[in-house]
Protein chains: 4
Amino acid sequence: MPVTPDQQAEIDALRASPRQTLRAVSDGAEKHLYTAHPVLDHGFVRLIDYMGDDAAICQAARVSYGKGTKSVQNDEGLIRYLMRHWHSTPFEMCEIKLHVKLPVFVARQWIRHRTANVNEYSARYSILDREFYMPDPSQLAAQSTINNQGRGASLTPDESARVLDILKGDAAQTYDHYAEMIAEEGPDGTPKQGLARELARMNLPANIYTQWYWKVDLHNLFHFLRLRADAHAQYEIRVYADVICNIVADWVPAAYGAFADYRLGGAVLSAKGLACLQRMLKGEEVTQETSGMSKGEWREFQGVLA
Amino acid sequence: MPVTPDQQAEIDALRASPRQTLRAVSDGAEKHLYTAHPVLDHGFVRLIDYMGDDAAICQAARVSYGKGTKSVQNDEGLIRYLMRHWHSTPFEMCEIKLHVKLPVFVARQWIRHRTANVNEYSARYSILDREFYMPDPSQLAAQSTINNQGRGASLTPDESARVLDILKGDAAQTYDHYAEMIAEEGPDGTPKQGLARELARMNLPANIYTQWYWKVDLHNLFHFLRLRADAHAQYEIRVYADVICNIVADWVPAAYGAFADYRLGGAVLSAKGLACLQRMLKGEEVTQETSGMSKGEWREFQGVLA
Amino acid sequence: MPVTPDQQAEIDALRASPRQTLRAVSDGAEKHLYTAHPVLDHGFVRLIDYMGDDAAICQAARVSYGKGTKSVQNDEGLIRYLMRHWHSTPFEMCEIKLHVKLPVFVARQWIRHRTANVNEYSARYSILDREFYMPDPSQLAAQSTINNQGRGASLTPDESARVLDILKGDAAQTYDHYAEMIAEEGPDGTPKQGLARELARMNLPANIYTQWYWKVDLHNLFHFLRLRADAHAQYEIRVYADVICNIVADWVPAAYGAFADYRLGGAVLSAKGLACLQRMLKGEEVTQETSGMSKGEWREFQGVLA
Amino acid sequence: MPVTPDQQAEIDALRASPRQTLRAVSDGAEKHLYTAHPVLDHGFVRLIDYMGDDAAICQAARVSYGKGTKSVQNDEGLIRYLMRHWHSTPFEMCEIKLHVKLPVFVARQWIRHRTANVNEYSARYSILDREFYMPDPSQLAAQSTINNQGRGASLTPDESARVLDILKGDAAQTYDHYAEMIAEEGPDGTPKQGLARELARMNLPANIYTQWYWKVDLHNLFHFLRLRADAHAQYEIRVYADVICNIVADWVPAAYGAFADYRLGGAVLSAKGLACLQRMLKGEEVTQETSGMSKGEWREFQGVLA
């Protein structure tokens, strides 16, 4: 359960008290505010704040005095033009702030996107909760034999069961030890020193959950989503990216539409790929041997055209 | 006049239609929204949007589920602690978007602060207005003889008048030529080619006004303000920084208070300076010769203690 | 003439004294060091320093103890793989430092690439030289009627001559006035106050030359080059990008090769474009009307396939 | 043992083959190149590459054609001036690349410094080594009762021994399980599926060692060092910062000297602190009650003056 009843009560209280503002308001974003979208077994994504909407992208692109909107249709055309021609600065004029609860190994991938602001729950200062990511058996797979950094065939039920036994057992034991080390009294209630939290945390495995506030502009968020909502991304981060895609689609529908068309659903062709394509459109049969591409490139090129 | 009646009407329209939101609202910021604060002779600063408030800084620092506020007093103490100990990430959780009209030579200084988002009015696409910064005679000063990159004594009235004549004359002439080059008809109305705008703009001097949307998080804004609201900053950028200080003080009063105490009004002492201070507090007379400092350092050290 | 005899003597002296190092050395980069490659009428690009080479990209990608090189062929394959799959961090492990002399209006475009380090010649502190960009008549063109921010047909010889007369006259006059304002004696030799340089510079037009040291990592440099060596970039910045492309091709030939294939010579297709392509490859006739694209998109799509 | 004999042989080979370069060379840095400076029980810091030296800082600050050096003394004065007046861009003109081996929980603190380039060893692609940080008993301490995120009194020998038993036992067990999960044959040699590495890694605790290439400019490195070589930083990252300080002191001695004086050894006083100081220098007795400071601030203020 990602959110406790107390936390849900806090969320409900926040959602119950709208206030007035003169700022740009996105109705699509408002409906998500504070709500915890569950991800994995204990994680979530919560929209905490946002700045701007589709019109704000156009307003900045036009450096307008007023709203900058001419018409919704006109705005959508401008947004598609900006996306197609790599004009990134107008998209930077929108900003989003999320509260995310996620396993540490996912957080370690996520943080490699540096152009964002992050405030993580401090395990020097606070005690981490006993919550660990346990994969659904359907997600337990062998090392891929094609892609050196991905997953291949599913594990057999026996092997899945063995893996889950290990993960559960080690999580329970390492957390028990963590709690014992920081405890300020022994099992019999006698006072003892508690190991400093900044040290004790080192015993906790990477599937323990952490949480952070993460704030990013729309351009850099799109970059994150293109890489992490991609089929090659690790499943455990992709599910977060998918949830964020849904929030963004409601927040800035025109910008998300352009992103989906030109980035998520689009493809980059190399000069070699374009040359092959031009030959193919003239009716020529092109093979890997005559393409000038390596086997890997050719396989990916075929994937794009399929 | 920084804002035309048409622009003022657009501003008034925006200020007339509040909407409901569930986001954090800062009443201090709301009252500034869209209003053009005049700066220099034709410039302005307008608050276009903001994200977060004092409570949002604490909310992120505590990675809270709810508002994160315990009490205003408690929050202020936390904010002062964060500022004093260089915890920058909670301040990054607030964001501000400004529309600024400013002379090009000021824009060139401003843009050196890279951790911000900018959308500038495009002189490749659009025609610049005939608006040039003309310094007030009180601001016309000679090169400083102490500080190699500042101003010293005021110019005599004669010299001031000569400088203003030059600036006005050259502004008028270069703009006339700019307009002539891009014009698509000659003075007699016959059609002619207009020089591409991306070329014609090269004839315009650095005191012409440009404008941009500028978006920045509060931590980086404080860094900008510390350098640009400083007495050593060039007057023409300092007046912008001063106006922004006033907006920020209304938007996030506790954070601004901590900034004013620890950064704007504070001072950095070197190891040498601290050693001198410790001797002075013991009653020792310390001079530049016995301080281990250069003359420049000593003069600045004296300034801090005065 | 971009470089004076004195400056050339300094360059020659630097090139005459090699030293020993244990660092990665790129012979292709060494031959460029310090040499001023002329650009436009008074500008240049000079390679001042570099860090890393093709092998250093692989070394970082493999987090190796030693050189990280297996074989040149193997390295090239890895580099192409990294480029194709948007692995940007290994390319960030190479760094380049350039000394660039360029017109101010070009510098204003250039600086919008924020992920770089810049030290510009200070016109608060120093006096700018009397050097202005005067376009070659072949570069004087009218505003484009298709692309709202580009150039179209060349100007007629008469109009070209008129434009050059204006640019030359205004450059001479504004510089004369600049020199007069900062002068510390009058034309007759009597002492006078010189206007502070930070003020006087405002009279100088945007075609005056400035210079800076610019340092950037290879990933961000590729991003700069993709946008600025592109046919849609303004000619006056494109010629700088072209010169830098040549330096980079000598410095890191494998990385540059991958960049040229996947980025410079490649193309991005949208989801709509891919769908059209798949229909076309099956022999279907697709027109703009049946493509789902706007006219602008369709024209660009046709350009990619041509 | 941080480096194996094979790795040492690779290091020795790299150090045996100097090459010629025309770039700026720092003899102080050359002597560190590739050498592994041991940190903690299995970690190290290795200098892989550097760009620039003290003279390069001045060269950029002066935007020089040649070396930019006037004299060593003159350069040192300029560097101190730049540091004192927060001119950060000349320091950004130097760059350093390190290979660091460090526990994961230290890496998680380190990565929060975002203005740097990082390539980490991939546990999706590769198998992590069986190496865990085990604190020296002298470093095992209780949670601080003053500072909520630090260490206080040392643990008793009994409690230390218990903590080390736990850490060693859990490290051994979780690694055994990690190895078992990814193994492609069972204990009896029969083939089995190996769990994907990207999943298996989640069982490993935060004291396992990872490694990365880390590249940063000198300005941002100074910022890192000021925070992480500070007495309030966690011991396990401070020891890395201390080793890097030594390398930097040899690489750019003048810049490091200025940094040590103005940042590491200096202090920031608030406006309130300055006001107290001025009263104290006039002979007034100032107490916390009359200082206007909170207890925490006053304690820190006393620490600065002691």
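The values are calculated or read from the model by the stated rules, or taken from the named source; none is laboratory data. Because the structure is a prediction, the values reported are computed rather than measured. Note: ideal-geometry Cβ built from the backbone for every residue, glycine included; neighbour counts use all protein chains shown. For the accessible areas, the whole protein counts, side chains as well, though only heavy atoms, and no ligand, DNA or RNA atoms are used. Shrake-Rupley method; radii C 1.70, N 1.55, O 1.52, S 1.80 Å.
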Could you say whether any residue in the stretch A:189-206 is polar (S, T, N, Q) and surrounded by fewer than 16 Cβ atoms within 10 Å (Cβ to Cβ)? yes
Restricting the stretch B:5-59 to residues that are over 29 Å from A:Glu120 (Cα atoms) and polar (S, T, N, Q), which is nearest to the chain's Cα centre (by Cα)? B:Thr35
Look at the stretch B:111-152 and say how many of its residues are without any contact (Cβ under 8 Å) to a residue 60 or more places away in the chain and part of a strand (DSSP E or B). 4
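Would a scan of the stretch C:228-239 turn up a residue that is in contact with a Ser or Thr (Cβ under 8 Å, 6 or more places away or on another chain) and either buried (at least 17 other Cβ atoms within 10 Å of the Cβ) or among the charged types (D, E, K, R) (or both)? So that I can check it myself, show each step before the final result.
Taking the stretch C:228-239 and keeping what is in contact with a Ser or Thr (Cβ under 8 Å, 6 or more places away or on another chain), we get none.
No - not one qualifying residue is present in the stretch C:228-239.
If we scan the stretch C:213-225, do we find a residue that is among the β-branched types (Val, Ile, Thr) and within 14 Å of the chain's Cα centre (by Cα)?
Yes, because at least one residue in the stretch C:213-225 is among the β-branched types (Val, Ile, Thr) and within 14 Å of the chain's Cα centre (by Cα).
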Scanning the stretch A:12-61 residue by residue, those at positive phi and out of contact with any Cys (no Cβ under 7 Å at 6 or more places or on another chain) turn out to be A:Tyr34, A:Leu40
Checked the stretch A:261-272 for anything of a type outside the set (Ser, Thr, Tyr), farther than 21 Å from A:Leu78 by Cα and open to solvent by less than 40 Å² (accessible area, probe 1.4 Å); matches are A:Ala267, A:Leu269, A:Ala271
Being under 22 Å from C:Ala271 (Cβ atoms) and open to solvent by 40 Å² or more (accessible area, probe 1.4 Å) is the filter here; which residues of the stretch A:273-285 pass it? A:Gln278, A:Met280, A:Leu281
Can you name the residue in the stretch B:30-60 that is more than 9 Å from chain A (Cβ to nearest Cβ) and open to solvent by less than 10 Å² (accessible area, probe 1.4 Å) and, of all such residues, is nearest to A:Trp214 (Cα to Cα)? B:Ile57
On the given criteria, is C:Ala13 over 29 Å from C:Thr89 (Cα atoms), part of a helix (DSSP H, G or I) and of a type in the set (A, V, I, L, M)? yes
Looking at the stretch B:286-303 only, could you name the residues that are surrounded by fewer than 15 Cβ atoms within 10 Å (Cβ to Cβ) and either of a type in the set (Lys, Arg) or in contact with a Lys or Arg (Cβ under 9 Å, 6 or more places away or on another chain) (or both)? B:Thr290, B:Lys295, B:Arg299
Any chance you could count how many residues in the stretch C:161-189 are in a helix (DSSP H, G or I) and either within 16 Å of B:Val163 (Cβ to Cβ) or more than 9 Å from chain B (Cβ to nearest Cβ) (or both)? 15
The stretch B:244-260: number of residues that are crowded, with 21+ Cβ neighbours inside 10 Å and either under 11 Å from the mean Cα position of the chain (by Cα) or assigned to a helix (DSSP H, G or I) (or both): 9
In this structure, is A:Gln149 outside the structural domain of A:Val100 (by TED's automatic domain parsing), surrounded by 14 or more Cβ atoms within 10 Å (Cβ to Cβ) and closer than 23 Å to D:Pro187 by Cβ? no
Read through the list (1) in contact with a Ser or Thr (Cβ under 9 Å, 6 or more places away or on another chain); (2) open to solvent by 30 Å² or more (accessible area, probe 1.4 Å); (3) assigned by TED's automatic domain parsing to the domain that holds D:Ala183, then give the number of the only condition that D:Ala142 fails. (2)
May I ask you to list pairs of residues, at least six apart or on different chains, whose Cβ atoms are under 6 Å apart, with the first in the stretch A:249-272 being under 18 Å from A:Ala60 (Cα atoms) and the second being buried (at least 16 other Cβ atoms within 10 Å of the Cβ) and small (Gly, Ala, Ser)? A:Trp251/A:Ser26; A:Trp251/A:Gly28; A:Trp251/A:Ala29
Please find, among D:Val100, D:Val106, the residue that is touching a Lys or Arg at 6+ places or on another chain (Cβ under 9 Å), assigned by TED's automatic domain parsing to the domain that holds D:Ala249 and either of a type in the set (Phe, Trp, Tyr) or not in a loop (DSSP other than H, G, I, E, B) (or both). D:Val100
Of everything in the stretch A:1-29, what is farther than 20 Å from B:Gln59 by Cβ and either open to solvent by 60 Å² or more (accessible area, probe 1.4 Å) or at the interface with another protein chain (Cβ under 10 Å from one of its Cβ atoms) (or both)? Give them in sequence order. A:Met1, A:Pro5, A:Gln20, A:Leu22, A:Ala24, A:Val25, A:Ser26, A:Asp27
In the stretch C:190-215, anything at pLDDT 95 or above, assigned to a strand (DSSP E or B) and not hydroxyl-bearing (Ser, Thr, Tyr) is listed as C:Leu195, C:Pro205, C:Ile208, C:Gln211, C:Trp212, C:Trp214, C:Lys215
From (1) at pLDDT below 95; (2) assigned by TED's automatic domain parsing to the domain that holds D:Phe44, pick out the condition that doesn't hold for D:Ala258. (1)
Residue list for the stretch C:73-130, filter: facing another protein chain (nearest Cβ under 9 Å), closer than 29 Å to C:Leu195 by Cβ, open to solvent by 20 Å² or more (accessible area, probe 1.4 Å) and not hydrophobic (A, V, I, L, M, F, W, C): C:Arg108, C:Glu120, C:Tyr121, C:Ser122, C:Arg124, C:Tyr125, C:Ser126
